[in-house]
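Asks: First the structure, which I've put down as structure tokens, then a few questions once you've had a look.
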């Protein structure tokens with residue numbers, strides 16, 4: 001089966017499943033709405049901030065506050081794109097139609113990644129401009145140093161989260177198991193590891209913590225992270241590559 005046909009087939013699968021459309025829509029709404037809310041609250045509380053907090057205030061990163069919840073919807077999207085076929089048994093039909101398992105997985109991930117990238121970029125730019133509108137005279141401009149990089153980085157971050165979830169789902173082959181691991185990992189475990197002094201140095205190398213550096217323009221006072229924005233994104237890319245390779249190996253070696 002030609003690669004173009006595989007891609008068309010995967011595109012048809014994704015757009016015909018309501019749950020994937022809804023999860024992407026939820027990612028957009030949550031990211032933008034929460035970012036606007038946090039930006040408005042930050043504007044109202046700015047005068048009460050300490051001098052140190054004002055030095056660390058990052059208007060760009062503030063507008064991306066909703067990403068912490070929006071990424072959960074991107075995780076669900078990534079998991080459903082890959083693992084839904086296992087739960088319904090359609091994976092056997094898909095692999096019968098596309099016996100080249102590498103081509104099958106590549107086509108699925110390529111289509112879903114492109115869709116996640118388009119949605120992620122649109123969400124990132126919308127979150128930035130609407131968040132800055134809420135900040136009023138505290139706002140940053142797209143032309144300020146580091147801001148355009150951060151906004152593009154926001155879209156890349158959302159895309160990489162979805163890709164990482166696809167790789168994990170391909171390894172675990174179950175939507176419930178994949179979500180049962182990924183949701184607590186990103187929403188609880190990563191945050192706890194990053195907040196506890198004894199584990200901070202480990203937590204900063206987790207995919208979400210490392211990748212989110214790309215969205216920062218003003219580093220926190222006293223930040224001793226041993227990598228910059230692009231270095232953090234590079235660490236996240238390594239996690240994604242490892243997950244996708246793991247997913248390919250499992251798909252190649254195990255029966256459907």
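The values are calculated or read from the model by the stated rules, or taken from the named source; none is laboratory data. Remember, predicted model here, so these are calculated numbers, not experimental data. When we count neighbours, we look across all protein chains shown, and the Cβ atoms used for this are built from the backbone with ideal geometry, even at glycine.
Asks: Would you mind stating whether residue 113 is in contact with a helix residue (DSSP H, G or I) (Cβ under 7 Å, 6 or more places away or on another chain) and free of Cβ contacts under 8 Å to residues at least 60 places away in the same chain?
Replies: Taking the combined requirement at face value, the residue satisfies it.
Asks: Against the condition in contact (Cβ under 8 Å) with a residue 24 or more places away in the chain, in contact with a helix residue (DSSP H, G or I) (Cβ under 8 Å, 6 or more places away or on another chain) and farther than 22 Å from residue 25 by Cα, how does residue 204 come out, does it pass?
Replies: No: the conditions fail for residue 204.
Asks: Quick one: residue 166 ticks every box in (1) under 14 Å from the mean Cα position of the chain (by Cα); (2) within 23 Å of residue 128 (Cα to Cα) except a single one, so which number is it?
Replies: Looking at each condition in turn, residue 166 falls short on (2).
Asks: While we're here: How many residues does the range 213-230 contain that are over 21 Å from residue 144 (Cα atoms) and either surrounded by 13 or more Cβ atoms within 10 Å (Cβ to Cβ) or touching a strand residue (DSSP E or B) at 6+ places or on another chain (Cβ under 8 Å) (or both)?
Replies: Residues meeting the conditions: 2.
Asks: Considering only residues that are at pLDDT 95 or above and either buried (at least 19 other Cβ atoms within 10 Å of the Cβ) or touching a strand residue (DSSP E or B) at 6+ places or on another chain (Cβ under 7 Å) (or both), which ones fall in the range 236-251?
Replies: Passing the criteria: 236, 239, 240, 243, 244.
Asks: Among residues belonging to the range 49-72 that are surrounded by fewer than 16 Cβ atoms within 10 Å (Cβ to Cβ) and free of Cβ contacts under 8 Å to residues at least 40 places away in the same chain, point out the one that is farthest from residue 30 (Cα to Cα).
Replies: It comes out as 51.
Asks: Could you pull out every one of the helices (runs of 4 or more DSSP H) wholly within the range 1-93 that has 2 or more residues that are modelled with pLDDT under 85?
Replies: Helices (runs of 4 or more DSSP H) meeting the threshold: 3-16, 18-45, 51-56, 67-88.
Asks: Now for a separate question. Could you tell me which numbered condition residue 71 fails, if it satisfies all but one of (1) closer than 30 Å to residue 9 by Cα; (2) more than 22 Å from the chain's Cα centre (by Cα)?
Replies: (2)
Asks: Right, another one. Kindly check whether there is at least one residue in the range 167-182 that is at pLDDT below 95, surrounded by 15 or more Cβ atoms within 10 Å (Cβ to Cβ) and over 26 Å from residue 239 (Cα atoms).
Replies: no
Asks: Given the criterion assigned to a loop (DSSP other than H, G, I, E, B) and within 24 Å of residue 216 (Cα to Cα), identify the matching residue among 122, 140, 127.
Replies: None of the others qualify; the one that does is 140.
Asks: So which residues in the range 134-166 are free of Cβ contacts under 8 Å to residues at least 60 places away in the same chain and surrounded by fewer than 19 Cβ atoms within 10 Å (Cβ to Cβ)?
Replies: Across the range 134-166, the qualifying residues are 137, 141, 142, 143, 148, 152.
Asks: May I ask you to verify whether residue 170 is part of a helix (DSSP H, G or I) and more than 28 Å from residue 127 (Cβ to Cβ)?
Replies: yes
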